[in-house]
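Values in this text are rule-based calculations from the coordinates and carry no lab data. This structure is a prediction, so every number in the text was calculated from the model and none was measured. All Cβ positions, even for glycine, are placed from backbone atoms using ideal geometry, and neighbour counts span all protein chains on display.
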Amino acid sequence: MMVEELCLRSDGTYVAHAKTRAGTLTSRGRYEVHSDTLRLIDNNGGLEENEIVLRGGILVMHEKGSDSQLTSQYHRQRSICW
């Protein structure tokens with residue numbers, strides 16, 4: 001099982017943690033929101049584009065251009081990021 005945490009800061013930066021059995025993986029960078037698209041640009045220049053929608057306070061994301069039906073749902077846990 002993998003648990004993900006995504007923190008979108010008001011200054012346009014993000015940090016993401018993926019907790020796996022092998023340990024915690026961390027990604028940092030900046031983000032941009034355009035209409036229904038969330039772009040995550042990591043500090044190494046990698047780009048991930050996601051279709052997003054808010055449903056009752058839950059952020060639902062689906063990777064753009066992906067054939068996968070996999071979606072991620074993020075619930076707000078706190079008002080301040082680490």
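The value of relative contact order for the chain, using C-alpha pairs under 8 Å at least six residues apart, is 18 percent.
Under a Cβ-Cβ cut-off of 15 Å, what is the net charge of the residues other than residue 46 that fall near it, where Lys and Arg count +1 and Asp and Glu count -1? Overall, the nearby charge balance is -1. Local charge for residue 15 was computed over the other residues whose Cβ lies under 15 Å away, with Lys and Arg +1 and Asp and Glu -1, and equals 0.
Scaled to the globular estimate 2.2 N^0.38 Å, the Cα spread of the chain, given as radius of gyration, is 1.08. Once you reduce the stretch 56-82 and the stretch 5-24 to the center of their Cα atoms, the two points are 12 Å from each other. The charge dipole of the stretch 35-82, taken about the Cα centre with unit charges on the Cβ atoms of Lys, Arg (+1) and Asp, Glu (-1), comes to about 340 debye, rounded to the nearest 20. Compared with the alpha-carbon gap, the fully stretched path from residue 68 to residue 47 is longer by 5.8 nm at 0.36 nm per residue.
Each peptide in 57-63, 19-25 was scored by the mean count of other Cβ atoms within 10 Å over its residues; highest first, the order is 57-63, 19-25.
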